[in-house]
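Written below as C-alpha cells is the structure these notes are about.
Values quoted throughout were computed directly from the atomic coordinates according to the rules given, and no laboratory measurement underlies them. Worth saying up front: this structure is predicted, and the values here are computed from it rather than measured. A quick note on method: Cβ atoms are made from the backbone with ideal geometry, for glycine too, and the neighbour counts reach across all protein chains shown.
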Amino acid sequence: MSNQIKVEVASICQVAPTIREFTLEAIDDALYPFSPGAHVVVEMPNKKKVYKNAYSLLSDPTDTQRYRIAVRLQDASRGGSIYMHEQVKVGDQLLISPPSNLFSPLWHAKKHVMLAGGVGVTPFMSYIPEMIRRDADFELHYMYRSLQTGAYKHELSEQLGDKYFDYDSDRQTRCDVTALLSQQPLGTHIYICGPDSLIQAVEEAAQTLGLPASVIHSEEFAAPKPGMPFVAEIKSTGQQVDVSAEDSLLEALEASDISIPNLCRGGVCGQCVCTVVEGEIDHRDQYLSDEEKAAGNTIMPCVSRAAGERLVLDI
Amino acid sequence: MRVAPKEVETFRDDFTYSNSPEAIKRFPFPFPEDEYRYSVNMEPHTPKGGEGSAYEHFLDIDEHYLSEMAERKLVLDEMPHRCLAMEHMELACWDMLERLMTSLAQDYSDYFKLTIEGDQWTWENKLLNIHDTFTFGDSSTLPQSPLEYIGCQVQGDFALLDQRDGDLFLDAGMITCPADWSLAFDAGMSFKEWHGPVPMAHNEGIFERALKYLTAMQVGSPIRRLNWTLTVNARMDTSPETYHEWGHERTSVTPENVGEKVYLRVEMQVMDRMPRSNALMFIIRTYLISLEDLATNPEWARRMHRTMKTLPAPLIEYKGLSRYHSMVVDYLAQFDPAN
Amino acid sequence: MELESLSVVVSKPMYTAEISDGPCAYSLFICEQLNTAFSDLYEASLADKKDLIHSADLARIEGDLAALLANAPAATRVYLLGTEKYIWLVGQQLKALGVTEEQMEMLPPLSAERSVFCCHCYQVTDQVFTAPARCVGCGKLLAVTDHFAKAHGAYFGYQVNAEDATDIPASVELS
C-alpha cells in the first residue's frame, strides 16, 4: 500500500506490567485527524516476515500532532507484540496505515456503556474525550488483572468519578454482566473491546434479557492477515514467480511483468480473477461465491493467496 | 487547470451549453468494452491520463465551472430543500469543507487559496470573487452552512453518508443535478434502500459487495467509478422535482435531431473517507456531451453503438430511454463498420 | 433471469403475520384500530410490564410515548398495528426515543392503501388504492412506485404523463 505514513517513535512508557505505550509522531506529512474508535495497522519489518498488527488510537482525536497506541505483550504465536516490546526503541521509524474505524460510537444513543477487558480499554480512551465534549451519558466498566494489565486505571478513575467502575480479577472482583445489562435504560448502546469470552458473555446475556443485537457492538480489527511466502507457476510459460509474505499475488505478478486486469485491488470488483489448475487456495475476497470458493479453481490474486507452498495459474 | 472557465452558458431554456474541442478530448468516456455489462467498476481515484485529463486531480474543475455554479444557484434559490444536512452530520460537513478546500488550493493554486492559522481559516476563490475568514468548526462564522458554502463552489453533487453498524445512511447532501433521484425523499435511507429502484444489480449481489468495500475504506484512499445515462438537451437538473418540466423533451427526439439533442451523461462518482466523522463523502461529478460531439471520436461512437445495442430492456426502462433508445442505436450505427 | 425478480424494489417493506415473541422486560402495544387478534396478543404477553395505546392521533401518541418510554428498560419490545403510514410514522417517533427497528414488531397493514409522496410538491396523499392517483398538493396525476421511505411512511410518486400529456395509463388497483 502506497498510502502508508512514516512515523517516529517519540516516547515509550510502561503503562501496566505487560503493556507498553508508544507515542508516534509524523516525519513528513501531518497526521490525519481521526474519529473515536479508530485504529491503525503498524508494520514491523522483521528479518523473515513483516508483522502487521492493528492497534487502537488512544489519544484525543483532535490531537493531530501525535498518535498514541498501547501494545500488550502476547505469547509467542503473535510475533508483532514481542517485536514492539523488544526491538522498538525511541527514535525508530515505523510505517503505519492511515486510521480506519469499524468501532465508532453511535452518537444517537441515549446512553453509552463501554466494557473493556485488559488492553481492550484502548479504543475507549479516544471515545471518552469526545463523549465529555458532547456531554453524552456514559459509563466505563473496566475489567483487568492488576498483575498484568490495568493500564490507565488511576487516571480514568480520577477523571470519570462515578462514571467509572473497575473489576480486578487478580483481586477477585468480577463484573456481573447480566445484572449490568438489565439495569440499562431504553436507547443504551453497549460497546465491548476485550477477549472473545467477554464478547460472548455479553451477547448471551443480551439475548437472554431480550436486548436487540443491534445495540451490542464489539471491536473487530480489519488487520491484514499474515501471509506465508509461496511460489506461483505460470502454466503457459513455466515461469516461477516468488510471492513474498508482504506482497499480494497480484503485486508479485506485476513485478514479474505479468499484467492482470484489475480495478479495486481489494477483493470486491472481480476484475483480476485467475484460473488455478493446481494448489490449494486461501480465499480472502468478497467477490467469489461460497460455491466458487469451494470449487477451488479460481482466485482473486489481489487479496487471496496459496494455502500451501505452490499454485499453478492458467495464464 | 488546462481548460480555463468559459463565460456562463445555460443548462435550461435556450441551452447555450457547449463543449470546446479540448473538453471533448478529455471527456470521461465510460464504456470499457463493446457489450453492456453491469459491474462494480470501482478503481482507486489516483491520477490517470496525464496533464489536462479529467482524472488528473482529486476534483476536476473545467471550462464549465462558472456555468455550473450559476445553474446550482438557480436551483437552490427556487428549491432550498435540495441541500440538507441532518443535525448529526455537522462534523462530516466540516470534514468535507476541509477536504475540498485543501485539494482545490493545492491543485488549482491560480484560482483558490487557503490560509490556515490555528482554527482561523481564510479562503479565497478568485473565480467567484469570494474571500472569507472563518473559524473552522463554527458554522456561525460562515455566511451559509459549511455544506452549502463549499458545495456552491465545486462542480458536482455531494452526498455525505453516515456509517453505522456496517451500513451507510444518506444523511446529508447537496443534490442539484441528479440523474432522476430525490434527496428529499431518499434522505435517511440505508445503502440498499436508496438503491431500491435500481434493477438487476440486487439479484447479482452487487450491493452487498460494494457495501462491504465502501465501509472498509480508509482515509486517504479515495476510489471512483463511472456511471452513465442519456439526457435530452444539455439539462443538468434532471431531478424528479422538475420532471414535469423536462419529461416532455423525451418526445422531442427525431431521427433528424438525435445527434444534437441527445447527450451522453456521465457521472464520475468519487468516494472518500472523512477523517474526523468517519463519514463517507460521495461526489457525483456530471459531464454532458452531445452524440454528435462524441462521434468526432470514431472509436467512442463505434463502442457506444455496440453498448447501446446490447443494453438489457430493464435498464432501458429504468434509465428512461424507452421513447428514443432505438433512434440512438440507429444514429450510432453509421459509425460502426460492423453494420 | 426471471423478469419478475427484476422488478422487486428492495425498499418496499415486507411484513409477516408471524410475531417473534422473545423475552423482554416491557412490551408496548400501539394500534390505530383495535382488533381481537391484537388484544389477544396483548393479553398473552408475558412481559413483566405492558401497556396498550389505542389511538389514531399521532400527536397524542407522541406525548404518550415520551411519558411511557422515559424510564423504560433496554429490553423493550413494541408491537404496531395500523395502516402502513401509521406504523412507520409511529416507528419514527419510537426511533427518536431510542427504540431500534429490531425492537419493533410491525404487523401486516390493515389495508392495501398506500400513502404517496409527490416528488414535485413534497405533499403526501393518503388512502391511495389505485394508480395513477391525484396529488392532494399540486393536483398532478401521479404514478405510484414501490420505492418506500420509512421517514415519510410513503411511496415515491411522480407525474405519470409528464412526457406526453395524453399518455395516461389505465387505473390499476394497488396491492
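Given R₀ = 22 Å, what would the calculated FRET efficiency be for B:Asp180 paired with C:Asp164, taking r from the Cβ atoms and rounding to 0.05? Intermediate values should be presented prior to the final figure.
Details: r = 17 Å, r/R0 = 0.79.
The value I calculate is 0.80.
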Residues of the stretch B:23-52 with amide N under 20 Å of the 7 Å Cα→Cβ point at A:Ala295: B:38-40
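On average over all directions, what projected area in square nanometres does the stretch C:114-173 have, based on the convex hull of its Cα atoms?
Working: hull surface 15.0 nm².
Hull-based average projected area comes out at 3.7 nm².
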In whole µm²/s, the translational diffusion coefficient that Stokes-Einstein assigns to the stretch A:56-170, given a Kirkwood hydrodynamic radius over C-alpha pairs, 25 °C and 0.890 mPa s, equals 156 µm²/s
In range of the label at B:Ile24: residues from the stretch B:256-294 whose backbone nitrogen is under 11 Å from the point 7 Å along Cα→Cβ: B:290-294
Dipole of chain A, Cα-centred, from +1 at each Lys and Arg C-beta and -1 at each Asp and Glu C-beta, to the nearest 20 debye? 500 debye
Pick out which of A:Tyr83, A:Tyr144, A:Tyr51 has the largest mean-square fluctuation in a Gaussian network model of chain A, springs linking Cα atoms closer than 10 Å. A:Tyr83
Shape category assigned to the stretch C:14-54 from the gyration tensor of Cα positions, a/c cut at 1.5: oblate
Among A:Tyr55, B:Leu183, C:Leu34, the residue whose Cα sits farthest towards the positive end of the charge dipole of the protein assembly as shown, when +1 is placed on the Cβ of each Lys and Arg and -1 on the Cβ of each Asp and Glu, is A:Tyr55
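With runs of 4+ DSSP H residues as the only contributors, calculate the mean residue ellipticity of the protein assembly as shown at 222 nm using -39,500 (n - 2.57) per run, divided by the residue total and rounded to the nearest 500. Intermediate results must be reported in sequence, preceding the final value.
On the way: 24 runs with 199 residues, N = 829.
After summing the helix terms and dividing by the residues of the protein assembly as shown, the value is -6500 deg cm²/dmol.
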Taking Cα atoms of chain A, Rg/Rh with Kirkwood Rh, to two decimals? 1.02
Farthest towards the positive end of the dipole of the protein assembly as shown, among B:Pro312, B:Pro337, A:Ile69 and with Cβ unit charges of +1 on Lys and Arg and -1 on Asp and Glu, lies the Cα of A:Ile69
Quick one: putting +1 on the C-beta of Lys and Arg, -1 on the C-beta of Asp and Glu, what dipole do you get for the protein assembly as shown around its Cα centre, in Debye to the nearest 20? 1000 debye
Among B:259-271, B:19-31, what's the highest-first ranking by average C-beta atoms within 10 angstrom per residue? B:259-271, B:19-31
Could you name the lysines whose alpha carbon sits less than 19 Å from that of B:Lys192, not counting residues in the same chain fewer than 8 places away? B:Lys212, B:Lys319, C:Lys12, C:Lys150
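Restricting things to Cα coordinates, could you compute the convex hull volume per residue of the stretch C:26-106 in Å³?
Details: hull volume 6.5 nm³, N = 81.
Hull volume over Cα atoms, normalised by residue count, gives 81 Å³.
Charges only on Cβ, +1 for Lys and Arg, -1 for Asp and Glu: so what's the dipole of the stretch C:26-106 about the Cα centre, in debye to the nearest 20? Please report the intermediate quantities before stating the final value.
Numbers: 6 positive and 12 negative charges, 31 e Å.
Roughly 140 debye for the stretch C:26-106.
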Put one equal scatterer on each alpha carbon of the protein assembly as shown, apply the Debye formula with no solvent term, and list log10 I(q)/I(0) at q = 0.05, 0.09 1/Å to two decimals. -0.31, -1.05
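Starting from the exponent 0.38 and prefactor 2.2 Å, build the expected Rg for the stretch A:230-313 from its residue count and divide its actual Cα Rg by it. The partial results should precede the final answer.
Numbers: Rg = 11.5 Å, N = 84, 2.2 N^0.38 = 11.8 Å.
For the stretch A:230-313, the normalised Cα radius of gyration comes out at 0.97.
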Quick numbers on the stretch B:31-120, Rg and Dmax over C-alpha atoms in Å, give 17.3, 53
Which residue, C:Asp164, C:Asp64, C:Asp21, tops the fluctuation ranking in a GNM of chain C built on C-alpha contacts under 10 Å? C:Asp164
Can you work out ³J(HN,Hα) from phi for every residue in the stretch B:292-297, in order, using Karplus 6.51 cos²θ - 1.76 cosθ + 1.60 and θ = phi - 60°, giving whole Hz and x for Gly and Pro? 5, 5, 4, 6, 5, 10
So between A:Leu73 and A:Ser11, what do we pick up on full extension, going 0.36 nm a residue minus the alpha carbon distance? 20.6 nm
With the dipole of the protein assembly as shown worked out from charges on the C-beta (+1 for Lys and Arg, -1 for Asp and Glu) around the Cα centre, which of C:Asn161, C:Thr145, C:Gln93 lies farthest toward the positive end? C:Gln93
Zone of B:Asn339's modelled label, taken as backbone nitrogen in the stretch B:1-34 under 17 Å from a point 7 Å along Cα→Cβ: B:34
